[in-house]
Amino acid sequence: MLSLTNRRDRLYALFIWAMALIVAAVPLMMLWDLLYQGVPHISLDFLLHDPIDAGRQGGVRSILISTVWILGVCLVVTLPLGLGCALYLNEFVLPRSRSAHWLGLSLDILSGVPSIIFGLFGYTLFAVYLGMGFSIFSGGLSLACMVLPLFIRTAEQALRACPISYRQAAVALNISHQGFIRQILLPSASDGVAVAIILSTGRALAETAVLIFTAGYVTRLPDSMWDSGRSLSVHIYDLAMNVPGGMDNASATAIVLVALIIVMNSSILFLIKRWKNKIQKT
Amino acid sequence: MRSNFWLFNSLKLAAWLSAAILLLILFFLVNESLPLIQRIGLMRFFTDESWHPLSELYWLVPMLLASFYMAVGAVILATPLGVLVAIFGHYYAPEVLAKFYRALLELLSGIPSVVFGLWGMIVIVPWIVQWMPPGASLLAGIKVLTIMILPLVALTTDAALKRIPITYMSAAIAMGLSRWGTIRRISLPVAFPGILSGVVLQSGRALGETMAVLMVSGNVVQIPSSLFQPVRTLTANIALEMSYAMGEHRLALFCSGLLLLCLTIALVLLASYINRNQHA
Amino acid sequence: MPSTTVVKDKNNDIKTNIKGENMKRVLSLSLISLLWGCSPSHTDKLILTGSSTIAPLAVELAYAFEQLHPEVEIDVQMGGSSRGINDVRLGLSDIGMASRELKPEEQDLQAHTVAYDGITIILNSENPVTKITDEQVIAIYTNQINNWSALGGPDQPITVVNKAEGHSTLELFLHYFKIKNTQVIPDAVIGDNQQGIKTVVGNPWAIAYVSIGTAEYESQHKQPIKLLSLGGIEASTATVKTGVFPLSRPLNFVTASTPSGWAKEFIDFSQSVQAHSLIINQYFIPNDAQ
């Protein structure tokens with residue numbers, strides 16, 4: 001809606017378009033290379049069979065299922081805990097108070113802990129100390145620890161955007177705090193929270209080092225969540241760096257991962273939109 | 001607003017649990033590193049002559065500098081580019097293109113670091129070799145890290161821009177401001193806290209990135225005198241040597257993890273200081 | 001069709017009462033799958049941890065063994081040779097995988113050699129140099145020679161690729177050439193074999209040392225690398241098999257004491273003739289002494 005007013009504006013516009021295209025070109029090149037190497041090896045069979053011959057043949061069925069389970073555990077923990085923390089920061093804590101300051105700092109610092117330290121920490125806490133061993137639970141919980149700062153910060157920013165007029169209206173109508181959060185705040189922030197979920201899911205799916213030490217390396221379909229199961233990212237790592245001749249299937253697995261991300265992101269957006277409509281219809 | 005006892009306390013619990021994780025990790029790292037620190041003291045990490053843990057030499061400075069340079073380099077490159085891309089998506093691109101761009105960025109944020117590292121090894125490093133061997137270098141690391149953190153910087157900036165109240169925009173049009181003028185003088189300052197929050201998170205990520213830098217930055221323990229020299233970051237060091245480290249070597253690696261955490265704390269404190277001054 | 005009724009609850013808020021059938025179905029389905037995933041399994045389990053070099057081979061051996069004995073499940077985890085040895089000592093795993101011989105301080109444990117792996121020096125195919133003597137290798141790695149012209153090649157700087165400290169490949173290399181790691185001045189340090197291969201592929205003037213099996217596979221699959229002979233002996237899995245090649249290491253399954261039960265059966269299987277083809281498929285050399 002802002003129109004270009006003068007020649008300098010047009011120049012800036014040109015510059016920005018050029019930058020945007022260059023920046024898009026690099027990852028597109030990467031994705032293209034990936035597709036080029038991996039697509040010849042993708043087939044329906046690839047999704048329906050378990051890996052054979054150290055992953056060089058067969059498929060990724062068991063690995064896909066393990067990944068979804070690990071992600072499930074991660075989200076089940078991250079969502080309530082993260083949303084709760086974000087709500088607390090937004091509703092009950094003054095923006096410049098000491099609690100907000102320290103809580104915010106600790107989240108930012110947590111986001112800088114190397115993934116391999118999370119792996120070792122997760123192993124020590126969940127696998128050894130809490131006795132879960134190499135398992136989907138260990139993996140999912142460790143991932144949740146890692147992903148929480150990102151989720152909380154993003155969700156917090158989304159909540160903060162709620163116009164103050166909504167709050168004032170709620171007080172005027174004598175709506176309880178709980179009601180306000182459920183019926184007004186969360187729906188208005190739902191798009192931002194959806195972004196938070198998408199970013200966290202993406203980060204969780206992308207993690208390798210954490211899962212090698214917690215969810216483990218086993219390629220078999222896990223019988224239960226107490227079992228060890230390899231995730232897509234660990235599988236890609238193994239095929240590319242550890243197994244001679246695994247590069248082709250590593251690319252194919254990466255494409256499966258990309259497809260999974262697309263499916264997950266679309267589902268999240270769809271579900272959130274539906275929830276928002278439902279709440280707003282009443 | 002009338003509040004609920006259960007609401008307040010359950011949310012408070014959630015918040016403190018989240019904070020507790022950091023404390024647990026700190027405790028974990030300190031617990032693992034303490035035996036070595038007690039034996040040789042902290043100064044050894046800065047004064048030993050080299051990093052050869054099997055010969056009990058534990059000089060961490062080159063790796064500390066490498067982690068720092070690489071993260072700073074990546075943030076310096078990714079922040080303006082990411083913000084520009086977000087501005088593009090929000091103010092310049094037609095709706096369809098913007099949606100596609102956003103989807104592309106969300107996709108990129110989910111690609112494993114291994115894939116980025118591999119691409120860096122197969123495409124970026126050989127490209128640098130043609131200019132200046134050995135190719136695997138600080139520059140390669142910075143480039144790959146930039147590609148990795150750019151999507152998230154752009155996405156968080158985009159979210160921040162979306163939150164700007166529409167009244168500001170209407171006011172700008174009413175006053176006849178140019179597009180770029182509006183962006184520079186209204187949108188960016190208003191969105192600054194959101195942008196900064198995203199940048200801080202991503203610089204944390206840049207400091208903590210392990211796999212990708214391991215694959216492209218050469219992993220030679222030295223203080224770099226140019227961008228083209230190979231370096232080893234603290235994270236790559238832990239990943240490279242942890243699998244085979246026993247006894248004191250292992251403890252030394254935990255110490256380096258603790259040192260990295262201190263570096264992160266320093267950077268986060270710096271960012272919060274900047275933010276506070278911005279609002280003052 | 002979800003039906004909604006508007007009701008006011010005790011807080012005087014408008015309460016939504018959604019009687020969606022779909023919602024209930026989704027909830028109960030996820031609850032069931034969560035609970036199903038929560039109960040632990042009931043078969044015997046054998047746990048192996050250790051070297052990432054051996055891990056893919058161990059997974060193949062485990063799979064084959066499980067087909068013969070469905071009552072047992074074998075879990076293979078990575079973590080490195082040292083982790084493998086540590087875990088088996090502390091009883092955290094049943095068998096440790098170590099891609100090296102046991103050290104003197106580890107003699108309280110038992111090593112069962114399942115396969116062998118050789119180490120070869122590789123160059124890029126573009127590099128015209130075809131032979132390097134042992135003394136020249138030492139000179140290259142200690143930075144006394146740093147240009148290919150000194151070896152009859154083009155005027156290009158040598159990119160020296162070394163392995164990270166602690167890896168058995170490095171220790172074997174240093175031991176054979178009788179140098180210390182403090183003397184080595186590398187231009188790049190790598191962690192896995194594949195990284196070494198990709199570094200040499202991407203840089204025509206690099207020199208590195210990697211597992212023979214991996215190098216053989218890659219060169220046969222059109223990657224532009226070549227294996228150099230060592231001490232006059234050609235580098236190939238064949239020469240390692242006959243024991244003629246000087247630089248080789250054992251791939252060991254390590255146990256805390258004499259193995260029994262499933263551990264014993266699995267180790268016996270891995271050392272038997274049945275396992276030979278599986279080992280060869282992973283580009284290692286089977287232990288013929290059994």
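In whole percents, the pair-distance distribution calculated for the protein assembly as shown from its alpha-carbon pairs, binned every 10 Å from zero, is 2, 12, 22, 25, 19, 11, 6, 2, 0, 0.
In the stretch C:42-103, Rg over Rh equals 1.00, where Rg is the alpha-carbon radius of gyration and Rh the Kirkwood radius from pairwise Cα distances.
Over all alpha-carbon pairs in the stretch C:117-242, figure out the percentage whose distance exceeds 26 Å. Counting every Cα pair in the stretch C:117-242, those more than 26 Å apart make up 11 percent. The calculated FRET efficiency for the pair A:LYS273 and C:VAL244, based on their C-beta separation and a Förster distance of 41 Å, comes to about 0.05. Applying the criteria of a DSSP loop state and at most 14 other Cβ atoms within 10 Å to the trypsin sites (Lys or Arg not before Pro) of the stretch C:64-134 yields C:LYS131. Helical runs assigned H by DSSP (4 residues or longer) give chain A a calculated mean residue ellipticity at 222 nm of -23500 deg cm²/dmol, each run adding -39500 (n - 2.57) before division by the residue total. To the nearest Å, what is the center-to-center distance of the stretch A:81-152 and the stretch C:123-143, using C-alpha atoms only? One Cα centre to the other: 50 Å.
Computed with the Debye formula from one identical point scatterer per Cα of chain A, without solvent, the log10 of I(q)/I(0) at q = 0.14 Å⁻¹ comes to -1.09.
Assuming R0 = 45 Å, what is the FRET efficiency of C:VAL273 and C:GLN144, from their Cβ-Cβ distance, to the nearest 0.05?
Values: r = 48 Å, r/R0 = 1.06.
That gives a FRET efficiency of 0.40.
Would you please give the FRET efficiency between A:TYR36 and A:LEU173, computed as 1/(1 + (r/R0)^6) with r the Cβ-Cβ distance and R0 = 60 Å, to the nearest 0.05? After rounding to 0.05, the efficiency reads 0.55.
Size descriptor for the stretch B:51-279, Kirkwood hydrodynamic radius: 19.1 Å (Cα pairs only, one decimal).
Across q = 0.21 Å⁻¹, the stretch C:128-171 modelled as identical point scatterers on its alpha-carbon atoms has Debye log10 I(q)/I(0) values of -0.73, in the order of the q list. Roughly how many Å is it from the Cα centre of the stretch A:215-232 to that of the stretch B:84-113, as a whole number? When both Cα centres are located, 34 Å separates them. If the segment from C:THR130 to C:LYS103 were pulled out straight at 0.36 nm per residue, it would be longer than the present Cα-Cα gap by 6.2 nm. Sites listed here are trypsin sites (Lys or Arg not before Pro) in the stretch C:194-284 whose DSSP assignment is loop and whose Cβ has at most 14 other Cβ atoms within 10 Å: C:LYS222. Sorted into 10 angstrom bins from 0, the C-alpha pair distances of the stretch A:104-146 split as 31, 49, 19, 1 percent.
Dipole size of the protein assembly as shown about its Cα centre, with +1 on Lys/Arg Cβ and -1 on Asp/Glu Cβ: approximately 4520 debye, rounded to the nearest 20.
Between A:ILE262 and B:PHE192, the simple label model (points 7 Å from Cα in the Cβ direction) yields a spacing of 4.1 nm.
Taken about its Cα centre, the stretch B:51-279 carries a charge dipole of roughly 760 debye when the Cβ of each Lys and Arg holds +1 and the Cβ of each Asp and Glu holds -1. The modelled label-to-label distance for the pair B:SER55/C:HIS69, using points 7 Å beyond Cα in the direction of Cβ, is 4.7 nm. Look at where the Cα atoms of the stretch B:163-232 and of the stretch B:22-45 average out, and the two centres are 33 Å apart.
I'd like to verify something in chain B: which complete DSSP H helices, judged by Cα projection on the helix axis, reach 30 Å or more and average at least -1.0 on the Kyte-Doolittle scale? Those that clear 30 Å and a mean of -1.0 are B:5-40, B:61-87, B:138-162, B:248-279. Peptides B:194-202, A:185-193, B:16-24 ranked from most to least packed give B:194-202, A:185-193, B:16-24, packing being the mean of other C-beta atoms within 10 angstrom over each peptide's residues. Spacing of the modelled spin labels on A:ARG61 and B:LEU97, each 7 Å from Cα toward Cβ, amounts to 4.5 nm.
Scaled to the compact-protein estimate 2.2 N^0.38 Å, what is the alpha-carbon radius of gyration of the stretch A:49-102, rounded to two decimal places?
Values: Rg = 20.3 Å, N = 54, 2.2 N^0.38 = 10.0 Å.
Against the empirical 2.2 N^0.38 Å value, I get 2.03 for the stretch A:49-102.
Restricting the GluC sites (Glu not before Pro) of the stretch C:49-87 to loop positions (DSSP other than H, G, I, E, B) with no more than 16 neighbouring Cβ atoms within 10 Å leaves C:GLU71. Charging the Cβ of each Asp and Glu at -1 and of each Lys and Arg at +1, and nothing else, the dipole of the stretch B:4-152 about its Cα centre rounds to 300 debye.
Looking at the P(r) of the stretch A:88-179, how many percent of alpha-carbon pairs lie beyond 15 Å? Spell out each step's value before the answer.
Details: 2921 of 4186 pairs.
Result for the distance tail: 70 percent.
Computed from the coordinates by the stated procedures, all read-outs in this text should not be read as laboratory data. Remember, it's a predicted structure, so these values are computed and weren't measured experimentally. Here Cβ is always computed from backbone atoms with ideal geometry, including for glycine, and neighbour counts include all displayed protein chains.
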